[in-house]
Each structure stands twice: as C-alpha cells, then as structure tokens.
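Rule-based calculations on the coordinates, nothing more; no lab input. Please read these numbers as outputs of a predicted model, since none were measured by experiment. Neighbour counts are summed over all protein chains in view; Cβ atoms, including those assigned to glycine, are modelled from backbone coordinates with ideal geometry.
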Amino acid sequence: MKMQAKSLRQYAAFLMVRAVFLFTSFILLLITGFLLLKGAKVLSFDFIFKMPENSMTAGGIFPAILGTFYLVVMSIIFSAIPGIACAIYLNEYGPKGWISTMIRTSINNLSGVPSIVFGLFGLAVFVKKLGFGVSILSGSLTLSIVILPVIISSTREALMAIPQSMREASMALGATKWETVWNIILPQATPSILTAIIIGIGRAAGETAPILFTAAVFYSKELPRSIFSEVMALPYHIYALVTEGTAPQSQIPIAYGASIVLLFLVIIISLSAIYIRQKHRSAYAKIGH
Amino acid sequence: MLRLDTNKNKPDFSSTEIRDPLNRVHIDVSQQPKIRVRNLDFYYDENQTLKKINMDIYEKKVTAIIGPSGCGKSTFIRILNRMSDFAASSKVRGEISLERRDIFDPEFSPVELRKRVGMVFQKPNPFPKSIFENIAYGLRINGVKNSHEIEQRAVKSLKRAALYEEVKDRLKESALSLSGGQQQRLCIARCIAIEPEVILFDEPCASLDPISTAKIEELILELKKYYTIVIVTHNMQQALRVSDYTAFFLMGELIEFNETKKVFENPSDKRTEDYITGRFG
Ligand SMILES: Nc1ncnc2c1ncn2[C@@H]1O[C@H](COP(=O)(O)OP(=O)(O)O)[C@@H](O)[C@H]1O
Ligand SMILES: [Mg+2]
C-alpha cells in the first residue's frame with residue numbers, strides 16, 4: 001500500500017541519519033581515544049605547568065600553552081569587535097543591492113583563502129612593514145584576519161534572522177537606528193554571535209600556518225613578557241616536535257600529550273563561551289531584561 | 001524614500017482648495033486639521049501606489065481607512081510617520097503637514113516625528129523583554145531617566161491600555177508569555193507611554209479573536225479622548241463602530257472621504273457603495 005511505502009521510506013531515512021550520526025561520533029571518539037592512548041602517559045601536573053627540558057625531550061609545555069592562550073584571546077579581541085561592527089554596518093546601515101552582494105562574496109571568498117597566505121601577509125605587513133616583529137601582536141593580528149570572515153558572516157546571519165517587525169517596533173517609538181541596534185537587535189543576536197566566537201576560538205587555537213612566520217618560535221627560554229615577545233604555541237610545538245625533533249622516541253609522545261592539552265584548552269575556552277551564552281539565553285527567556 | 005518635489009514648488013499649506021467636483025472627498029475647512037495631506041503621490045520603484053491623495057485628519061477623532069487588500073492603506077498610514085522611509089527605492093510627491101509643519105522638512109527629523117505620531121502594527125510585536133521593560137525602553141530612549149517616573153508612567157499607560165489588572169503581578173515576566181490580545185494591548189501601552197499626539201493603527205485586530213477585538217475597539221473609543229487616531233481596518237462593522245470619519249481607498253486612489261455616517265448611509269460614489277455592501281473586495 002502507498003501508506004506503507006511512505007512509512008518505510010521514512011524509516012529508511014531515519015536509519016540513514018542515525019548511521020551517519022553514529023559514524024561521526026565514532027570518528028570523533030576514535031581520534032580522542034587515539035590521542036589519549038599515545039599521549040596520556042606523558043600527562044601530569046608538571047607537563048602542564050613546567051618549562052621544557054633537555055632540548056624538549058622532557059619537562060613540560062607550559063610556555064606553549066600560555067602562548068596559545070595569549071594568541072587566542074588577543075585574536076578574538078582583534079576580530080570580534082571589528083567583525084561585529086562590520087556585520088552591523090553591512091546589515092543595518094550598509095548599501096543594499098549589488099554592492100552588498102559584492103562585499104558579502106568577497107568576505108566569503110576570504111574564508112576560502114589558505115591560511116598560509118594569511119601567514120605570508122602577516123609576515124609582510126605586521127612583522128616587517130609595521131615593525132611589530134615576530135610577536136604575539138603580529139601573530140594574533142594575523143589570526144584575527146583568518147577568523148574575521150567567520151565572525152562577520154555568522155553575525156550577519158544572526159542579524160538577518162531578526163524579524164523586521166522588531167526594528168519597526170523600535171523605530172516607531174522614536175528610537176534612532178543606533179538605539180535600535182544596541183538595545184533591541186544586538187541582545188537578540190548575542191547567542192549566535194557567541195557561537196561564532198566559539199568557532200573562531202577553535203580556529204585560532206588550532207591554526208599553525210598563520211603564526212608560523214609571525215609569532216611562533218620552536219623554543220624560548222623564557223615566558224613572553226609583552227605583546228611584542230615571540231611565543232611558543234601548541235600547534236606549532238606539535239608540528240616542530242614531529243617534523244624537526246632530534247629524539248623522536250621521547251618527543252613524539254610529548255607531541256601527543258600536547259595535542260590532548262590543545263584539545264582540552266579549546267574545549268575549556270569554548271565551554272566558558274557556551275556558559276555565557278546559556279546564561280544569556282535563559283535570562284532572556286525567563287525575565288527578559 | 002526620495003522626495004520628488006523640487007525646491008521651487010515647495011509645499012504651500014495655505015492652499016485648502018481641492019478640485020473635487022463631485023464632493024466625494026469632503027474636507028471640513030472650518031476645522032484646523034491635525035494632519036493635512038495634499039496631492040500625495042507615492043511610488044514603489046515605478047509603481048504608483050498612491051495617487052493624488054487629499055484628506056484631513058482631525059484632532060481627537062477616529063479616522064478609519066477602508067478598502068480592499070493592496071489598495072495602499074498600509075502604505076498611506078506608514079507615510080504619516082515616515083516608516084515608509086525604510087522601503088527601498090520609494091518616492092513621494094506632495095504635502096503632508098502635522099499641525100502646519102511639513103513632515104518632509106529636512107529639519108523635522110523622522111525620529112522626532114515618530115515620537116509625536118506613534119504606530120501599532122497588524123501583528124503584535126512586543127520585544128522579547130519583560131512586560132515592564134517593553135514600556136520602559138520607549139521611555140528611556142525618549143529621555144526619561146528617573147526610574148520612579150518610568151515606573152509611574154508605565155503603570156499609567158498599562159492602565160490606559162486596559163491591561164494593568166491582568167499583568168500587575170507579572171510585570172517582570174516575558175512579554176512573549178502574554179496572549180495575542182494582551183500582546184497587542186501591551187504594544188498600545190508601549191505606544192501611549194511616550195505620549196504621542198497621533199496613533200496609527202494598521203489593522204490592529206487582524207490576528208485577534210473576537211473577544212480581544214472587542215476589547216481593542218472599546219479601548220480605541222476610550223483613547224480618542226486623548227489622541228488623534230487613524231485606523232486601517234478590513235472590517236466594515238469595526239469602521240462603523242469606532243470611527244468618526246472614513247476614507248475609502250481603491251487601487252491607490254481616495255474614492256471617498258467623509259463622516260463615517262455619511263459614507264455608510266449615503267455614499268456618494270457607486271464604488272464605495274459596492275464595497276461597503278460587500279459586492280467586491
Ligand atoms: N515595500 C514594498 N515594496 C514594493 N511594493 C510594495 C511594498 N509594500 C507594499 N507594496 C505594494 O503596494 C501596494 C499597496 O500595498 P499596501 O499598502 O500594503 O496595501 P494594503 O495595506 O491596502 O493591503 C500593493 O500592490 C503592494 O504589493
Ligand atoms: Mg495592509
């Protein structure tokens with residue numbers, strides 16, 4: 001019967017979706033499990049909080065953790081504010097029609113540019129031209145360009161999803177455009193903007209190419225002192241240990257250990273953003289503000 | 001919104017004369033109108049949506065705008081508080097004055113205009129904030145800083161919108177938890193809190209049940225004491241019940257404008273008669 005065929009198709013579709021979900025979760029578990037298997041033995045309090053020793057065949061990875069943390073935080077600051085401002089301009093003030101389409105297309109294309117290209121750009125502009133040298137500043141500025149398109153397009157989508165009736169309601173009360181954006185539009189878009197920032201954090205923490213020439217060093221004796229210091233960073237540290245290590249037996253496990261730390265660092269930073277988002281959401285849903 | 005009038009033929013508000021040989025558009029020249037509309041043309045791109053509209057809106061009276069869908073009713077009232085500014089590539093020609101002041105005058109900012117000419121929309125559109133905050137927001141952006149005063153005026157406007165008794169114990173709850181009818185009354189409260197002179201209603205009952213509709217109609221009759229009201233409605237009975245004047249629009253033209261009683265009992269135009277007796281539209 002027709003009805004039966006339909007429910008059968010429905011069932012097949014459901015099975016397929018579930019299979020894909022299980023497969024994806026499996027791969028994720030596999031990667032985490034693999035990392036833990038290879039690197040768990042080096043994990044310890046000292047591994048996280050100590051400096052590397054013996055040409056990085058022993059000791060901890062603290063400077064790399066700290067370096068990545070600085071790079072992530074600063075690149076988010078450098079990209080979130082201009083990114084959100086840019087999205088607001090494009091969506092609320094900007095020209096409609098072909099100009100807007102062109103800008104949107106260029107932003108989307110920007111996110112398709114290989115990150116090594118941004119690395120070279122950062123080297124030419126921030127390191128050399130502006131004279132920031134190989135430093136946290138140069139590296140985080142370069143990273144911020146990498147994540148800027150994500151922030152702009154996600155924020156813009158969040159703004160576009162807010163019904164026109166909200167803007168009209170506010171403007172009809174005699175609000176200016178800016179009052180409307182600030183008091184009505186942005187609060188409603190905040191959860192989505194935070195999601196974009198979370199994605200940006202993951203990206204900034206994991207990228208190697210953009211910091212390769214702009215911020216990261218293989219080894220540094222001391223912790224960074226200012227934004228003009230060069231830093232060790234986790235992804236580059238892993239890369240360097242695996243490709244340029246002199247004592248693979250002891251260094252490869254350290255690379256796996258560092259990978260686990262990187263994974264959890266991203267998870268922790270993301271969780272805090274998710275926590276803020278959740279808090280904001282429930283505040284909004286329950287009592288408004 | 002682009003204004004097509006050149007500087008040379010600047011609006012001249014001394015002219016009251018309207019060419020209307022059949023006297024279908026009856027303008028009471030003895031009254032000083034709150035809003036005066038003269039020779040108003042409006043275009044979306046190249047499509048002319050309003051054609052040579054001439055009418056007056058009298059103070060502390062209810063003016064109903066009726067007509068079939070798409071005849072330009074919403075377009076018309078959205079020009080009165082310049083919400084039409086947001087329609088891309090729209091053009092306007094003609095004169096509209098609020099108490100003899102040209103509303104298109106570059107020195108008369110639309111923000112200022114909208115503080116004096118408020119609007120209630122077809123679909124209730126409260127902000128996803130608390131009931132109280134929905135009203136407080138409008139007050140704050142209009143420069144009321146004192147929290148005591150904000151509270152007082154919020155309560156007053158909720159009372160005036162006949163909503164206070166229903167929500168007084170839950171002012172901190174989300175406005176979205178209210179029923180559709182309550183949301184619409186909240187939107188009315190939000191609008192009157194900033195004490196406009198004119199309130200524009202665009203089919204305020206279109207999405208409401210009969211009981212909520214009756215409440216809003218009752219409310220409009222009450223609000224008439226304080227405000228000048230323009231209401232777009234699809235419902236002939238509603239126009240008859242709440243309005244003092246009625247304007248009948250058809251395909252962008254104002255076919256007839258007169259006292260409501262006259263329009264309904266003795267329309268001057270055949271098309272008006274056909275419409276109100278339900279023969280089309
Ligand atoms: N923003 C807009 N852009 C282009 N055309 C529009 C827009 N809004 C309305 N129109 C057109 O203008 C005409 C009048 O619309 P409207 O004023 O909404 O009619 P009503 O409120 O009487 O139903 C319709 O033909 C409609 O399609
Ligand atoms: Mg309409």
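Taking every residue in A:161-170 and counting other chain Cβ atoms within 10 Å of its Cβ, the average works out to 4. Helix A:234-244 versus the longest principal axis of chain A: what is the Cα-based angle in degrees, 0 to 90, to the nearest 10? Taking Cα atoms only, the helix is inclined about 40 degrees. At full extension, B:Asp269 and B:Ala206 could sit 20.0 nm farther apart than now, given 0.36 nm per residue minus the alpha carbon distance. Spatial offset of the range A:87-124 relative to the range B:96-141 amounts to 35 Å, using the alpha carbon center of each.
Inter-chain neighbour count for B:81-90: the average number of beta-carbon atoms from partner chains within 10 Å of each residue's beta-carbon is 2. The longest part of chain B holding none of the exposed loop GluC sites (Glu not before Pro), meaning those outside H, G, I, E and B in DSSP with at most 15 other Cβ atoms within 10 Å, is B:108-281.
Sequence gap at least 6, Cα distance under 8 Å: using those rules, report the relative contact order of the range A:43-288 to the nearest whole percent.
Reported relative contact order: 26 percent.
Applying 1/(1 + (r/R0)^6) with R0 = 60 Å to the Cβ-Cβ distance of B:Asp28 and A:Lys279 gives a FRET efficiency near 0.55. The tail of the calculated P(r) for the protein assembly as shown beyond 45 Å holds 39 percent of all Cα-Cα pairs. Just A:Gly94, A:Gly122, A:Gly67 to compare: in a GNM of chain A, with alpha carbon springs under 10 Å, which one fluctuates most? Among A:Gly94, A:Gly122, A:Gly67, the largest mean-square fluctuation in the Gaussian network model of chain A belongs to A:Gly94.
Relative to the current alpha-carbon distance between A:Ser165 and A:Ala247, full extension at 0.36 nm per residue lengthens the span by 23.1 nm. Packing order of peptides B:185-192, B:229-236, highest average first: B:185-192, B:229-236 (average count of other Cβ atoms within 10 Å over each peptide's residues).
Using the average count of surrounding beta-carbon atoms within 10 Å as a protection proxy, the listed peptides B:155-163, A:26-34 rank, highest first, as B:155-163, A:26-34. Straight-line reach only, C-alpha to C-alpha below 12 angstrom: list the aspartates and glutamates that B:Lys156 could link to, leaving out same-chain residues fewer than 8 apart. By straight Cα distance, B:Lys156 reaches B:Glu165, B:Glu195. Projected onto planes of every orientation and averaged, the convex hull of the alpha-carbon atoms in the range A:43-288 covers 15.5 nm².
Over the residues of chain A, the helix contribution to mean residue ellipticity at 222 nm works out to -23500 deg cm²/dmol, using -39500 (n - 2.57) for each DSSP H run of at least 4. When both bridge partners sit in the protein assembly as shown, DSSP labels roughly 55% of those beta bridges antiparallel.
Simple spin-label estimate for B:Leu4 and A:Lys96 gives 1.9 nm between the two label positions (7 Å along the Cα-to-Cβ direction from each Cα). FRET efficiency for the pair B:Lys123 and A:Thr190, taken as 1/(1 + (r/R0)^6) with r the Cβ-Cβ distance and R0 = 30 Å, rounds to 0.80. Across peptide B:240-246, the average count of Cβ atoms from other chains found within 10 Å of a residue's Cβ is 0. Annotation: peptides B:72-79, A:79-86, ranked by per-residue average of other Cβ atoms within 10 Å with the highest first, follow the order B:72-79, A:79-86. Which of A:Ser55, A:Ser192, A:Ser111 ends up with the largest GNM mean-square fluctuation for chain A, with Cα atoms connected below 10 Å? Answer for the Gaussian network model of chain A: A:Ser55.
Here the label points at A:Arg104 and B:Glu59, each 7 Å from Cα along the C-beta direction, are separated by 4.8 nm in the simple model. Label separation (A:Ser272 vs B:Asn47): 5.3 nm, computed from points 7 Å beyond Cα along the C-beta direction.
By the count of neighbouring beta-carbon atoms within 10 Å, fewest first, B:Leu178, A:Leu35 end up ordered A:Leu35, B:Leu178.
Under a Gaussian network description of chain B, with springs only between Cα atoms under 10 Å, the residue in B:Pro196, B:Pro210, B:Pro110 that fluctuates furthest is B:Pro210. The trypsin sites (Lys or Arg not before Pro) found in the range A:11-94 that occupy coil by DSSP, while having at most 16 further C-beta atoms within 10 Å, are A:Lys50. Considering only C-alpha atoms, what is the centroid distance from the range A:46-66 to the range A:190-237, in Å? Their Cα centres are 17 Å away from one another. Helix B:131-141 and the long axis of chain B differ in direction by around 60°, with both axes built from C-alpha atoms.
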